Every structure is written in structure tokens, then in C-alpha cells.
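Chemist: The structure follows.
Just so you know, all these numbers are worked out from the coordinates, no wet-lab data involved. Owing to the predicted nature of the structure, the values given are computational and were not obtained by experimental measurement. Positions of Cβ are backbone-derived with ideal geometry, glycine not excepted, and every protein chain shown enters the neighbour counts.
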Amino acid sequence: MDMQIYAHRGSSGSFAEHTRAAYLQALADGADGVECDLHLTADGHLVLLHDDAVDRTSDGSGAVADKSLAELRGLDFCGWKGAAIPAAYGTPSEQLLTLDGLLDILAAAGRPVGLAIEFKFGAGFEARLVDATLECLGRRGWHAADSMAGNVDVSFMSFHPDAVNYLAERVPAGRLCQLLEEVNPGEPDVGGAAGAMFMRQSGSEALLDDGVAHLAGPGVDYLRANPGNASRWLAAGRTLRVWTVDTAQELQLCRDAGVAELTTNWPAQLRALMAEL
Ligand code: G3P
Ligand code: CA
């Protein structure tokens, strides 16, 4: 079976990441699923954004958590990318998506589609982001037993072991992904920021070895540097979901490693490359 293709922040090679246009393009590109990052606004809405602040991806500035949904909707999240949005993909003010907005788009796809939700925690793990997400999904008919919301197969990802442990009590292990940075776990704890990363990484890998999460989510550089870990998890029945795979060489590495799912900024191009492998 071909590797499943998830569109990273939507088809973010083509259009500005996390926008309505990027997700509509992902469906048009034939992606099997889409990936997103979530943040809570000051008034408690779940919005699709990667960074804690809006500075990089909009014409505004400041923390997402300090802004209301209405304030965020007043910003331009497309201009920085420089790719004109086709009229069929909505107006500029419709480009910022809430989780509900993305679920509407996926429900209208008319086919099965995966949704990989990533939780990031700039200032440490906070359960309320996960709780708000599960509450939203519950309103949309999501069932914890199979992690489906209608035609949408929902999986949950985080780099943060505390988040993965918290999710493990609420979602099926088969739809739970422990993400891994490109750090060599064999390196000694060198202290400081690098040491902190090493410690986080060690905890993350233990959750995969212990079967807390059944989806192993290494970055492509981690996969290249740590093939033994990937083989061990495959042998233990885990599924490899690798990010972010954008080149033929990276795709070949994934194919050789037995990867089942990958995340890419260019779903249509990866599909074409896959046909040539
Ligand atoms: O799929 C995981 C990947 O999205 C993690 O990296 O920084 O793009 O969220 P990032
Ligand atoms: Ca992400």
C-alpha cells in the first residue's frame, strides 16, 4: 500500500500555511489527510496557527493568546506568502481558520480524510488546549472509541511527553503520535538548552517503547540519524509517521524505512514522486 500523505499546515508550499486556501488545495491535491497546529485565542476560540505570535504569518504583531478571534480575523494571513488566493478559496478575511472551520471543510470533502492535530506548548504543557480541542471534536460527533468524526479520522500529536501522557487517557493509542526532533538520543546530556532537549527526547522515546503512543512521529532528519529506533518501533507494531518530507531523497528514505504515513508541504508533487519510486 502507498504511504499515506498528510498536507503539512495544508498545502503550505502552494498557499500560506494554515489558511482556508491551503486546506482546500490539499484536498484538491489528493492528500489523504491534513496536519494542523492549534492555539487558543483570548476569548477561547481554537485557531489554526503554528507560532505563539502572529508576527511571522500576518501583518499584525503580538501573541495569539492576547487577541480575540475578531481581532485575528482583521489581520491578513496571506500577504506574506505572496501567492494570490483564487476567489473559489474565499476572501482574505475568511483565510484564518478555527478548528470548526477546518472540520467543515473536511466534512464537505465527500471522502475519508485524516486530520492530524498537533499540540504545541510554548510555556509548558497546558491541559486546557487539549480539553478545548476534545470538547470541540465531541460537539462535531467525534467518538473516543474509534477517533472518527464522520468521515474524518482524527489523530493527535505532540512533542511534549506530558501532553502525550494526558492524551493517552482520552484517545486511542493507535491515533496518538509522539513527535520526535532530530536529536541523536545517544548523545550525552550536555546541560542547558541542548540538555533539556535531550531529556525531553528520552521521555518521548520511552512512551513509544512502552506502547503509550502507537504512532511514532520522527522528523526526516531523526529517521536518517536513528534508523535503529525506527526499526525497533516497527517491529513492536508501531506506525511511522514522518515529517516533513518534501524531496525525492527524503521520500526514498521513508520508503526504505517502512514508513506508512508522511507529512509534506507539497502533497501533489509527493504523490507524483511516489509513482516513480
Ligand atoms: O507533523 C509534525 C510537524 O508539523 C512538526 O513540526 O514545527 O512544523 O509543527 P512543525
Ligand atoms: Ca505541526
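Chemist: Test of understanding: extend the Cα→C-beta vector of Asp43 to 7 Å, then name every residue of the stretch 70-112 with backbone N under 12 Å from that spot.
Modeler: Counting only backbone N, you get 70-74.
Chemist: Let me ask you something else. From the helices alone, meaning DSSP H stretches of at least four residues, give me the mean residue ellipticity at 222 nm for the chain, per-run term -39500 (n - 2.57), in deg cm²/dmol to the nearest 500.
Modeler: Dividing the helical sum by the residues of the chain leaves -10000 deg cm²/dmol.
Chemist: What is the antiparallel percent of DSSP beta bridges lying wholly in the chain, to the nearest 5?
Modeler: 20
Chemist: Which of Leu96, Val47, Ile5 sits farthest toward the positive end of the charge dipole of the chain, with +1 on the Cβ of Lys and Arg and -1 on the Cβ of Asp and Glu?
Modeler: Ile5
Chemist: Between 0 and 90 degrees, rounded to the nearest ten: what's the tilt of helix 248-257 against the longest Cα principal axis of the chain?
Modeler: 50
Chemist: Once the dipole of the stretch 4-276 is set up with Lys and Arg at +1 and Asp and Glu at -1 on Cβ about the Cα centre, which of Ala257, Gly33, Pro218 lies farthest towards its positive end?
Modeler: Checked the options; the winner is Gly33.
Chemist: Ratio of Rg to Rh for the stretch 4-276, alpha carbon only, Kirkwood?
Modeler: Looking at the stretch 4-276, the ratio lands at 0.95.
Chemist: Compute the distribution of all C-alpha to C-alpha distances in the stretch 1-147, in bins of 5 Å from 0, and list the percent of pairs in each, rounded to whole numbers.
Modeler: Each 5 Å bin holds this share of Cα pairs: 2, 9, 20, 23, 21, 15, 8, 2, 0, 0.
Chemist: Roughly how many nanometres apart are two label points built 7 Å out from the Cα toward the Cβ at Asp59 and Glu181?
Modeler: Going by the 7 Å Cα→Cβ label model, 3.5 nm.
Chemist: State the answer as a single residue: which of Ser231, Leu106, Cys177 lies farthest towards the positive end of the charge dipole of the chain, with beta carbon charges of +1 for Lys and Arg and -1 for Asp and Glu, about the Cα centre.
Modeler: About the Cα centre, the residue reaching furthest to the positive side is Leu106.
Chemist: Also, I was wondering about something else. Give a quick list of trypsin sites (Lys or Arg not before Pro) in the stretch 1-85 that DSSP marks as loop, anything other than H, G, I, E or B, with at most 15 other Cβ atoms within 10 Å.
Modeler: Within the stretch 1-85, the qualifying trypsin sites (Lys or Arg not before Pro) (loop, at most 15 other Cβ atoms within 10 Å) are Arg56.
Chemist: Right, next: When the Cα centres of the stretch 213-263 and the stretch 36-56 are compared, how far apart do they sit, in Å?
Modeler: Taking the Cα centre of the stretch 36-56 as reference, the centre of the stretch 213-263 is 28 Å away.
Chemist: Continuing with the same structure: Within the stretch 101-127, whose backbone N sits under 11 Å from a point 7 Å along Cα→Cβ of Ser68?
Modeler: none
Chemist: Relative to the longest principal Cα axis of the chain, at what angle does helix 192-209 sit, 0 to 90 degrees, rounded to 10?
Modeler: With rounding to tens, the tilt is 80 degrees.
Chemist: What FRET efficiency comes out for Leu234 versus Asp52 if R0 is 22 angstrom and r is the Cβ-Cβ distance? Round to the nearest 0.05.
Modeler: Calculated value: 0.05.
Chemist: Taking the Cα centre of the chain as origin, work out the dipole magnitude from +1 charges on Lys and Arg Cβ and -1 charges on Asp and Glu Cβ, in debye rounded to 20.
Modeler: Taking the Cα centre of the chain as origin, the dipole is about 500 debye.
Chemist: What nm distance separates the two modelled labels at Arg170 and Ala127, each placed 7 Å from Cα along Cα→Cβ?
Modeler: The answer from the label model is 0.9 nm.
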